[in-house]
């Protein structure tokens, strides 16, 4: 056996080359898996499909321990719609909705993008199209749902934790220096005062009036009829009778409708987030962290907001 330094060096070099080649092959496969299905495989297309799935927010947030996945952020959905609008092959837009709602302004950003799309837009509620999801749907030319879909929840909720009692038990006192009478309205470490409650409720009422006005204009509905829903969700069949939904059908029926709007067979291409490799690997790391217990700890850390307002 040749144990000379030259032989040892050659052996090490061969090992490094093999490792590099193996890593390259693995990396190529990994990238392929991560990027597979980013857009539809159809060579020819004339319609785009964009999905709004899960809670609507500006940030991606942590992955759900139940689903193991996160939907696109509001900004990503807007980018997808704008990319479809800029694509000269895309003549129509299908917005698939399966969401319980979420943050107010991000929901409106998506609605505006759908409303500004240059071509027919069809919203399709699958399992759930509630609150922020319905806000988005009001920006589409028409809305379809399944008979068993849950649609509606035209309302706004605001919440604040009240830890004043716990703070008293732990001997924690609250002292904060502010400028402006309502700057610290809603802080959780003291009881809320009546005028603060009235102030915060006025914000909720203001968002609600915006919601009603947006739906009224987008869906061509009487504002009072919208208020009469009392923020309830309805089965697709009931929602159709009330005018909250235009038609009932499956995804195949929706595709047929797009074909009618295009006066040609609808060939749909799905537009999904343009995430880089590092971003995708980051999502995977978050999932591992959650499995290790990091997600559980985050429940107690909060996000720094004293009052949270959402469409749900």
With the structure loaded, tell me whether residue 127 is without any contact (Cβ under 8 Å) to a residue 40 or more places away in the chain, surrounded by fewer than 24 Cβ atoms within 10 Å (Cβ to Cβ) and in a strand (DSSP E or B) or whether it fails that test.
yes
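Listed here are the residues, each with its yes/no results for (1) touching a helix residue (DSSP H, G or I) at 6+ places or on another chain (Cβ under 6 Å); (2) at pLDDT below 95; (3) more than 30 Å from residue 127 (Cα to Cα).
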{"position": "172", "(1), (2), (3)": "no, yes, yes"}
{"position": "189", "(1), (2), (3)": "yes, yes, yes"}
{"position": "196", "(1), (2), (3)": "no, yes, yes"}
{"position": "216", "(1), (2), (3)": "yes, no, no"}
{"position": "220", "(1), (2), (3)": "no, no, no"}
{"position": "240", "(1), (2), (3)": "no, no, no"}
{"position": "253", "(1), (2), (3)": "no, no, no"}
Return only the number of the condition from (1) in a helix (DSSP H, G or I); (2) farther than 20 Å from residue 254 by Cα; (3) at pLDDT 80 or above that residue 81 does not satisfy.
(2)
Of the conditions (1) surrounded by 16 or more Cβ atoms within 10 Å (Cβ to Cβ); (2) at pLDDT 95 or above; (3) within 23 Å of residue 90 (Cα to Cα), residue 264 fails just one. Which one is it?
(1)
Which residues, counting only those in segment 130-151, are closer than 15 Å to residue 250 by Cα and part of a loop (DSSP other than H, G, I, E, B)?
146, 147, 148, 149
Residue 210 passes all but one of the listed conditions (1) surrounded by 15 or more Cβ atoms within 10 Å (Cβ to Cβ); (2) under 30 Å from residue 180 (Cα atoms); the exception is number (1)
Could you check residue 107 against (1) surrounded by fewer than 23 Cβ atoms within 10 Å (Cβ to Cβ); (2) more than 17 Å from residue 84 (Cα to Cα) and say which number it fails?
(1)
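The values are calculated or read from the model by the stated rules, or taken from the named source; none is laboratory data. The shown structure was predicted, so the numbers you read here are calculated from the model rather than taken from an experiment. Note that we place each Cβ from the backbone using ideal geometry, even for glycine, and neighbour counts take in every protein chain shown.
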